[in-house]
Every structure is written in structure tokens, then in C-alpha cells.
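Notes follow the structure.
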Amino acid sequence: MTGIKRHFENVTVLGTGVLGSQIAYQTAYSGFPVTAWDISDERLDTAKNSLEQLAAIYEQEVDGAAGGPARAALARIDYTTDLAEAARYADLVIECVTEKLALKREVYVQLGRVAPQGTIFASNSSMLLPSELADSTGRPDRFLAMHFANQIWKHNTAEIMGHAGTDPDIYQAVVGFARQIGMEPIEVHKEQRGYVLNSLLTPWMDAAEYLLMDGVAEPATIDKTWRIASGMPQGPCEVMDMIGLATIYNVNTVSGNEKSRAAGAWLKQHYIDQGKLGRTSGEGFYKYTDQRATGEAG
């Protein structure tokens, strides 16, 4: 693997939203120094609070005790709004910015100018294809996608998808890194919008949105029906609140399906524009207190 590190020493995560924070924390929990970057100090302050909450979750659900590895992980994370500083020592940059093609391209153009030539870039995009972003990175051979599932400590998949120009050794290096941070690498053999997970998940969530948009049923009714009939612990509206409705909207807009885009517009008008973004804002399809649903529709 000439010119490619077998073990990454420093990892940078761009974007500290729901998944960005989880990826940064899981990577630090696995022993890696991490730099978390975002566009403002306010966003980083929010991220620090999210990471404190993640440490508490890991103490309860992963470690089974307070202190120890979960608390130590926080000390491995540095924060910055300076992109050059964030990328300066990075062996791997994991990009988790908003799911908008133009925005991601802009970030990669800037990142490519300041990151060392040996740095590998990986996008956590859930719907965009690596080939749509590769040229903007300035290093298409060292670029691929690595998509994580929400609640990373429980749903520990990392979907790894290259494009025609991805160096096979780079691909395998990222597969190895995924294992090092406790993920199950899902090797995707060809470009597919939605990867594996969202190719399965998105139609399910779309169906719930269509029921809502067409006035067929309320969120609680949709979720109750699914839970009872399938035996699954959560319904689609509960899952969308957990993912974040802004993310759902962004996926709707790039899906290429006319009805899905219409559902996204409906979701924006009735929820997002009203400040109802899901669990993180305290209200989405449901209202939340201390991250628990009250049972009331949002």
C-alpha cells in the first residue's frame, strides 16, 4: 500500500450535526485524536453539549458505568472554525455537512486547497454519489463515501462506496479504519443513490410522508399501525424525528422522485418552517421532553 498509511493517526470531522457529532465521538472513543470543525462557535458550543450527552449515553449503554472510556473520549476532541487548522494534520477527513450538492462541492474545493496531499477525504452523504463530488476534491483518487447510520453506537454500519477513480488501496484503508472504530464495513460494489441502507429505508419513510401529506392518517396512527403489525420498536415518524426533519427534507429534494420532492415541500411548509425539526429542536411530528416523546403530535 505504497504512500497510503495503514493506520490513521489523526481524524477530522467536518460538520457537527447529529451524525457528525456521533462520528466524532465514536472515533475518539475508539482512541483516535479528533478535530471537529464547524462554521461558527455557536455550532461548536451546541456540538459540545451533544457530545456531553453522548458520553452519558455511552456510560449507560456501552460502558455500563460512569467515567472511564466514555469520559476520556471527550478529551481527545478538539474544536475549530478554521478549516486549514482542522485539516492541517488530518490523515482522514470525514465530511458531514448539509446534504446539498453545491454546498458540499464548495467545502471540498476549499478543503482540497488546505489539506495535505496525502489526506483522504470521505463523505458521509446518504444520497449523493461520490462521482458527483470527486472532481471538486482535487484528489479524486483519494476520495470515496463512508456513510454511517444514526445512533452509531448501536447501529454500527459504515457503508463504503467508491467511484470509478477511487484508488482500491484507499478503499481498503478506509474499510480497515471502519473496523478500527467498531463499525461493520458494508462494502458497496457500485455507485447507488441511497447506498444500501437508504435504498431500503427511504421508501418506507416516503410512504409515511405520503400518508401525512394526503391526509390519510396522523403520525401517531401511522406509527402505532407499524409497531403493532410489524413488531418493530419504532414507526417511521418516530424514526424521522430521530434523524431530523431537515435531513429528511434534503433527502426528498435529491431523490429524483416527483412525489418525494412534493412530500419534502409539504414537510418544509408544515414542520421545518415552523421550527419543528425533530428531537433536536424539542418538536417534530411529536413533542419531546428530555428527549422523550410526550405522545402529543407536533
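The values are calculated or read from the model by the stated rules, or taken from the named source; none is laboratory data. Because the structure is a prediction, the values reported are computed rather than measured. Note that we place each Cβ from the backbone using ideal geometry, even for glycine, and neighbour counts take in every protein chain shown. The accessibility values were calculated without ligands, DNA or RNA, using every heavy atom of the protein model including side chains. Shrake-Rupley method; radii C 1.70, N 1.55, O 1.52, S 1.80 Å.
In the stretch 138-197, which GluC sites (Glu not before Pro) are in a loop and have at most 16 other Cβ atoms within 10 Å, using DSSP for the loop call?
Passing sites in the stretch 138-197 are GLU191.
Can you tell which of ALA56, VAL216, PHE143 lies farthest toward the positive end of the dipole of the chain, using +1 and -1 charges on the Cβ of basic and acidic side chains (Lys, Arg; Asp, Glu)?
The listed residue farthest towards the positive side: PHE143.
By how many degrees, between 0 and 90 and to the nearest 10, does the Cα long axis of helix 219-230 differ from the longest principal axis of the chain?
Long axis of 219-230 versus the principal axis of the chain: about 80 degrees.
Using packing as a proxy for protection, rank 16-29, 196-209 so that the peptide with the highest average count of other Cβ atoms within 10 Å comes first.
Result, highest mean first: 16-29, 196-209.
Please state, as a whole number in µm²/s, the translational diffusion coefficient that the Stokes-Einstein equation yields for the chain at 37 °C and 0.692 mPa s, with Rh defined as the Kirkwood radius across alpha carbon pairs.
Translational D for this selection: 166 µm²/s.
Restricting things to Cα coordinates, could you compute the convex hull volume per residue of the stretch 91-143 in Å³?
Value for the stretch 91-143: 63 Å³ per residue.
Convert each backbone phi in the stretch 63-69 into a coupling constant with the Karplus relation 6.51 cos²θ - 1.76 cosθ + 1.60 (shift: θ = phi - 60°), then list the ³J(HN,Hα) values in order as whole Hz, x for Gly and Pro.
In residue order, the calculated couplings are 7, x, 7, 6, x, x, x Hz.
Return the calculated 222 nm mean residue ellipticity for the chain, to the nearest 500 deg cm²/dmol, obtained by summing -39500 (n - 2.57) across DSSP H runs with n ≥ 4 and dividing by the residue count.
Helix contribution divided over all residues of the chain: -14000 deg cm²/dmol.
Counting only protein heavy atoms and using a 1.4 Å probe, what share of the accessible area of the stretch 3-50 belongs to carbon plus sulfur, as a whole percent?
Within the stretch 3-50, the accessible surface is 46 percent carbon and sulfur.
Could you tell me how many degrees, from 0 to 90 and to the nearest 10, lie between the Cα long axis of helix 258-270 and the main elongation axis, the longest principal axis, of the Cα atoms of the chain?
Roughly 80 degrees, rounded to the nearest 10.
Express the carbon and sulfur contribution to the solvent-accessible surface of the stretch 151-256 as a percent, rounded to the nearest whole number, probe 1.4 angstrom.
Answer for the stretch 151-256 is 57 percent, counting heavy atoms of protein chains only.
For the chain, take the longest principal axis of its alpha carbons; what is the angle in degrees between that and the long axis of helix 197-213, to the nearest 10 within 0 to 90?
With both axes taken from Cα atoms, the answer is about 30 degrees.
Counting only the heavy atoms of the protein chains, how much of ARG193 is accessible to a 1.4 Å probe, in Å² to the nearest 10?
Here the residue's solvent-accessible area equals roughly 80 Å².
Just in the stretch 70-138: which chymotrypsin sites (Phe, Trp or Tyr not before Pro) are loop by DSSP and have at most 16 other Cβ atoms within 10 Å?
Taking the stretch 70-138 and a limit of 16 other Cβ atoms within 10 Å, the loop chymotrypsin sites (Phe, Trp or Tyr not before Pro) found are TYR89.
Given a 1.4 Å probe and heavy atoms of the protein chains only, how would you sort MET232, MET127, largest accessible area at the top?
Putting MET232, MET127 in descending order of accessible area: MET232, MET127.
For the chain, with every protein chain kept in place, what is the accessible area per residue (1.4 Å probe, Å²)?
46 Å²
Only bridges with both residues in the chain count here: give the DSSP antiparallel percent, nearest 5.
25 percent
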